[in-house]
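Notes to accompany the following structure.
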Amino acid sequence: MAYKYCTATNWGKNFFTHEERRQFHLSGHPGEVWVVGDNLYGDQWIGKVSGAIKSKDEAQAIVTGEIEAAQAAYDALSAEEQALQNRPVVYNLP
Amino acid sequence: MATYKKEKGFAVQTLSSDTAASVVSTGSWATGGAMGTGRAYMGGAGSQTAGLVYGGATPSVTANTEEYNGTAWSEQNNLNLARSYQAGGGSQTAAISSGGYVAPADKTETEIYDGTSWTEVADINTGRSLYCGQAGSSTANLIFGGYDETAPNVKAITESWNGSAWTEVADLNTARYNGGGTGTQTSGILAGGTPGSGQTGAVELWNGSAWTETTDLNTSRTTAASGADNTAVLVAGGDASGAKALTENWDGTSWTEVADLGTANNGGSGNSGSTNVSTLNFGGTPGYRTQTEEWTTTPAADFTQINLGQVYFNSTSNAFKVTGFAFPTGTWASNTASPTAQAEMWGTGTSNSDALVQSPPGVSMEWNGSAWTNGGTTNFNGQTRGATGGIAAALIWGGSPNNGETEQYNGTAWTEVADLNTTGNQQPTGPTGTYTDTITAGRGPGWQAVSESWNGSAWTETSDLNTARRGLGSGGGSSTDAAVFGGNVPPNNASALTETWNGSSWTETTDLNTARFSGMGFGSSSQSVGYVAGGSYPASPPYNVKTEFFNGSTWTEVGDLANGRYHNKGGGTGASALTAGGYLASPAGGQTTENSIWTVDQGNLTITVS
């Protein structure tokens, strides 16, 4: 499946709708990165949310940076709180 | 004689929404209003249109309380004790908060919300945080599991609230924290969580007096749950070596994956809805979010059960639709390992629950959908033989080093029948004809264009392929309907060529996207549904993970195999197939016991009128 990558700020209600979820692949990632199915509906959604198109490498760098920041925050927690949470894990975008 | 239907046509049912397997399977997550305070590990209560969030980590502890009206969150009176890592329960006008964590200690305080303000009531007996859940109301509640800084850290304790006091009742079978708990004081459920290290998929049901283990989640993880009782429950998000967007539905018997969250979410996001058809998921980590997602399904009154072959008009999307197999959506899933690592064997199948593969030295192994068992032993033990059929009736022919032997299988024993006219190895893989009607084209040694059809008793030479090759994939496979794809061409290269057979001649058509040889072909009707999976590139490894789907005119990439491989064998229809064995890239050249099953779900396909 082909994807497009963009950043867009989730404003809340109707940022993405049930109908849109059925029309194209959409997944949100740290750093307001969105992976969008590359079809007509996906293109329309990127326009709706004024998404800033990114290359996959650019999008991955944003996600990785956000997760590394979250890892640093986790590492600064007390041992008790670290036991309660899971350390964020860097992953690859599809 | 003309029939009424031929004269007048027939009525097409009009539906307001697409048909589906179940009400819950129609569900999806969409964004709701954003919370005023981003947070994780908070309490949540209420429903999708009357929700409540309180406390949590921002990352510092907060007492902040907000109400949701189905559109937006609004600030309300704070908790008396700011805290995080508590669970929540009840409704927007009658909620409960107990325990939690305020550095450096776990808490026992309990508070009740009456729709306006929080009031302190009796403490829980054992201070702890990250309960696996809080099932019930503000007057009849149940908390279970949790984490405490004193050993043993991970708790199995269950406490019951009668509106005025907490009483210890039967422990969980598996101590854990940060699982998904919901339901009522007499019908509760706990799914997943952390038993101390890693995550578990274990699920337990509460009947009012005891916990009973039941079917595990499909994916072990921490998670959040929503459900009116323990017979209809939705769990969403969580953590399993990273944040997950997975959503699973419990129907009282089994867990089924349904549509993912829009954003993967861990860190104890609240899930306050009271049912598995209408709920909320909010906050969470990474990032201490403000985001809310709303889970909504087709109303039960508008739900229509999916029915293969049904034609209807969707009045909402203004489209005529037919229910069929959505072939491009197919996926491979891992299957029970084969008894023996193998490659370059023969293999065939009619579905992912009916397959037959060679297991050296000449034993045929049967896969019936649940287990591998020994079948009959073949008379000739050649590799790379052609094969068609399933465990009840099959045909194999040719094979290494350069043979023409043909054998029929009756479900018990193999019997030699008439030989091929032209001996050969590296026969096409995956033809899905029958043992009385099939065709084989291309073969080694070298590169041959020979084609022969089988009528149940003898092979007859037909028109040759346009391009001589060996190690092809095949779909279809009757004497009037077949296709071959890819293959090895001189001097030792992968080919992308596709040829279709109409009963009298082979015709070149659209090439594969990725040239390959010794992959596995499958598909029930070569003219419209053909596939090839795996195969070798000219330079190998890496071997091919790609699966391609042929709709009669073009090839489209569909779900990949988990691991690249070649000389994998098996077969099946476009909707249901199995591939077994092959050579893997790691260890280089190693034969594998891995096998995978291909499944395509039914879907509602739009009918396009040109």
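The values are calculated or read from the model by the stated rules, or taken from the named source; none is laboratory data. It should be emphasised that the depicted structure is a prediction, and the values quoted were computed from it without experimental measurement. Cβ atoms come from the backbone with ideal geometry, glycine included; neighbour counts cover every protein chain shown.
Overview of values
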item: Close pairs from region A:76-88: first facing chain B (nearest Cβ under 9 Å) and closer than 13 Å to B:SER129 by Cα, partner hydroxyl-bearing (Ser, Thr, Tyr) and part of a helix (DSSP H, G or I), Cβ under 9 Å, at least 6 apart; result: A:GLU81/A:TYR74; A:GLN85/A:TYR74
item: Candidates A:ALA69, A:ALA8, A:ALA2, filtered to the one that is within 14 Å of chain B (Cβ to nearest Cβ), more than 16 Å from the chain's Cα centre (by Cα) and farther than 24 Å from B:SER317 by Cα; result: A:ALA2
item: Selected residue (criterion: modelled with the highest pLDDT) from residues of region B:398-415 that are among the hydroxyl-bearing types (Ser, Thr, Tyr) and assigned to a loop (DSSP other than H, G, I, E, B); result: B:THR412
item: Residues of region B:180-195 satisfying the condition of being more than 14 Å from chain A (Cβ to nearest Cβ), crowded, with 24+ Cβ neighbours inside 10 Å and of a type in the set (Ser, Thr, Tyr); result: B:THR182
item: Criterion violated by B:GLY145 - all others in (1) buried (at least 16 other Cβ atoms within 10 Å of the Cβ); (2) more than 14 Å from every other protein chain (Cβ to nearest Cβ); (3) at positive phi satisfied; result: (2)
item: Residue within region B:213-223 that is among the acidic types (Asp, Glu), more than 14 Å from chain A (Cβ to nearest Cβ), within 26 Å of B:THR263 (Cβ to Cβ) and not in a strand (DSSP E or B) present; result: yes
item: Enumeration of residues in region B:149-179 that are part of a strand (DSSP E or B) and either hydrophobic (A, V, I, L, M, F, W, C) or within 14 Å of chain A (Cβ to nearest Cβ) (or both); result: B:VAL154, B:TRP161, B:TRP166, B:VAL169, B:TYR177
item: Subset of region B:195-205 [more than 13 Å from B:LEU217 (Cβ to Cβ) and either assigned to a strand (DSSP E or B) or in contact (Cβ under 8 Å) with a residue 24 or more places away in the chain (or both)]; result: B:PRO195, B:GLY196, B:LEU205
item: Elements of type strands (runs of 3 or more DSSP E) in region B:541-610, at least 2 residues being closer than 18 Å to B:GLY486 by Cα and touching a residue at least 24 places away in the same chain (Cβ under 8 Å); result: B:547-550, B:555-558, B:569-572
item: Number of the exception - A:GLY47 against (1) more than 11 Å from every other protein chain (Cβ to nearest Cβ); (2) among the small types (Gly, Ala, Ser); (3) surrounded by 16 or more Cβ atoms within 10 Å (Cβ to Cβ); result: (3)
item: Candidates B:GLY145, B:GLY163, filtered to the one that is within 15 Å of B:LYS107 (Cα to Cα) and more than 29 Å from the chain's Cα centre (by Cα); result: B:GLY145
item: Condition check for B:THR290: surrounded by fewer than 23 Cβ atoms within 10 Å (Cβ to Cβ), part of a loop (DSSP other than H, G, I, E, B) and within 14 Å of another protein chain (Cβ to nearest Cβ); result: yes
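Rundown of residues vs (1) away from chain A (no Cβ under 12 Å); (2) at negative phi; (3) surrounded by fewer than 24 Cβ atoms within 10 Å (Cβ to Cβ), yes/no style:
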residue	(1), (2), (3)
B:GLU7	yes, yes, yes
B:ALA11	yes, yes, yes
B:VAL53	yes, yes, no
B:GLN86	no, yes, no
B:ALA95	yes, yes, no
